[in-house]
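The values are calculated or read from the model by the stated rules, or taken from the named source; none is laboratory data. Computed from a predicted structure; not experimentally measured. When we count neighbours, we look across all protein chains shown, and the Cβ atoms used for this are built from the backbone with ideal geometry, even at glycine. Accessible surface areas use protein heavy atoms only, side chains included; no ligands, DNA or RNA. Shrake-Rupley method; radii C 1.70, N 1.55, O 1.52, S 1.80 Å.
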Amino acid sequence: MRLQDCVPRPAHLKWLLDSDPAIRWQVMRDLTGEAPDTIAAERSRVATEGWGARLLALQSPDGDWGDGPRGWRDDLPKEDRAMLVTLYALVVLKDLGLDPASKQARKMIDRVDKRLVFRRLDNRPFLHGETEPCINGRILAIGSYFKEPNDALANRLLGEQLEDGGWNCEAPKSRRSSFHTTICVIEGLLEYERAGRKSTAVAKARKRAENYLLERRMFRSLRTGEVIDKRWLRFSFPAFWRYDVLRGLDYLRSAGAKPDRRVSEAIEIVIERRHQNGRWPLNLLHPEHIPLEMETGVGRASRWNTLRALRVLRWYDNYLLW
């Protein structure tokens, strides 16, 4: 299958637009090039309709989203389960594109900011982060997007970058970076920069981390050339803390990175995942929990995966590398 065969056709766009506001406004921005006012009007509906409105409505007055269903992560204390569910819910609201200036978003993040604390960490406020860089990268992104950038948290992450360019929640026990942790951190640093905290140190850290991914062709062992984890070649949404090839490529697109030959094999994987009907399927669901169902039919066409795949391919094609 060739790259030009993946150009979105009117029927594909109609199917994507016949969806939730969270999908529609991103299609308008990334694929159809609508006027800014039209995009903003559609984006504003995320707070009042569909997935975004439903997830917002499930936040408790205490700021969290509950501790998950019975049997989920019983290995953790109730408070830790609640913090994970809250983290995942906030990341999804960001990914849906909830406008941080909306009154619904301000009410939501004020609850988090004023009422949520890590009791096991001497009542540290949620938006100040905890101990693991994979979680702190996500919290940095959430705070930067919805509230304000946290300089101390960003500086902590910069100090935890490993010699090979990435991050690992197992450090210092392990000095080898993790794709999962690295993608969470660089997404957070990107949001931090977008919130007005551009600096040479942050840009350098992100570039080193991007090279960490690229030197490994986005999914291969640097030492052996083997596929590190075949699950990374299958795409899901939400990704939660987990890396996959589509998530990695979509980060590079969002960051404005110029693609080079090191992404060509990953691009081929994205193209190969497309079904004959021109849509990308939901390949798998992760066991993490948020109190919201979006797309749950594994093997069936996924608007999230189709949207993300098409915009990644457009990003690649714009540089005429094929």
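Just a few scattered comments:
- ³J(HN,Hα) computed for each position of the range 191-197 - Karplus, 6.51 cos²θ - 1.76 cosθ + 1.60, integer Hz, glycine/proline x: 5, 4, 5, 5, 7, x, 10
- Whole-number percent relative contact order across the range 39-190, with pairs defined as alpha carbons under 8 Å at least 6 apart: 18
- Computed from label points 7 Å out along Cα-Cβ, the spacing between Arg300 and Lys173 is 4.0 nm.
- Working ranking of peptides 53-60, 257-264 by packing, defined as the average number of other Cβ atoms within 10 Å per residue, highest first, is 53-60, 257-264.
- Computed over protein heavy atoms with a 1.4 Å probe, the accessible surface of the range 1-154 works out to 47 Å² per residue.
- For the peptides 10-19, 296-305, 41-50, residues were scored by their other Cβ atoms within 10 Å and the scores averaged per peptide; the highest-first order is 41-50, 296-305, 10-19.
- ³J(HN,Hα) computed for each position of the range 107-121 - Karplus, 6.51 cos²θ - 1.76 cosθ + 1.60, integer Hz, glycine/proline x: 5, 5, 6, 5, 4, 4, 5, 8, 10, 9, 9, 8, 5, 6, 10
- Averaged per residue, the range 192-322 has 48 square angstrom of accessible surface, using a 1.4 angstrom probe with ligands and nucleic acids left out.
- Using the Karplus relation 6.51 cos²θ - 1.76 cosθ + 1.60 with θ = phi - 60°, the per-residue 3J(HN,Hα) values for the range 142-155 come to 4, x, 5, 6, 9, 10, 7, x, 9, 5, 5, 5, 5, 5 Hz, with x marking Gly and Pro.
- Under 5 Å from the amide H of Leu116 lie the amide H atoms of Phe126, each residue being 5 or more positions distant or on a separate chain, with H modelled from the backbone and absent for Pro and chain starts.
- The range 118-268: relative contact order as a whole-number percent, Cα under 8 Å and 6+ apart: 19
- Exposure check, 1.4 Å probe, all protein chains in place: Asp164 carries approximately 50 Å² of accessible surface.
- Distance (nanometres) between label positions extended 7 Å along Cα→Cβ at Leu13 and Glu79: 5.2
- Packing rank of 240-248, 115-123, where each peptide gets the mean count of other beta carbons within 10 Å, highest leading: 240-248, 115-123
- For Arg231 and Ala255, the difference between the fully extended length at 0.36 nm per residue and the C-alpha to C-alpha distance is 6.2 nm.
- Relative contact order [Cα under 8 Å, 6+ residues apart], the chain, whole percent: 17
- Per-atom-type breakdown for the range 195-322 gives carbon and sulfur 45% of the accessible area (1.4 Å probe, protein chains only).
- Under 20 Å from the Leu158 label point (7 Å along Cα→beta-carbon), backbone N, the range 207-230: 207-212
- Cross-link partners of Lys107 among lysines (Cα-Cα below 24 Å; sequence separation of 8 or more within a chain): Lys94, Lys147
- Counting only Cβ charges, +1 for Lys and Arg and -1 for Asp and Glu, the dipole size of the chain around its Cα centre is about 440 debye.
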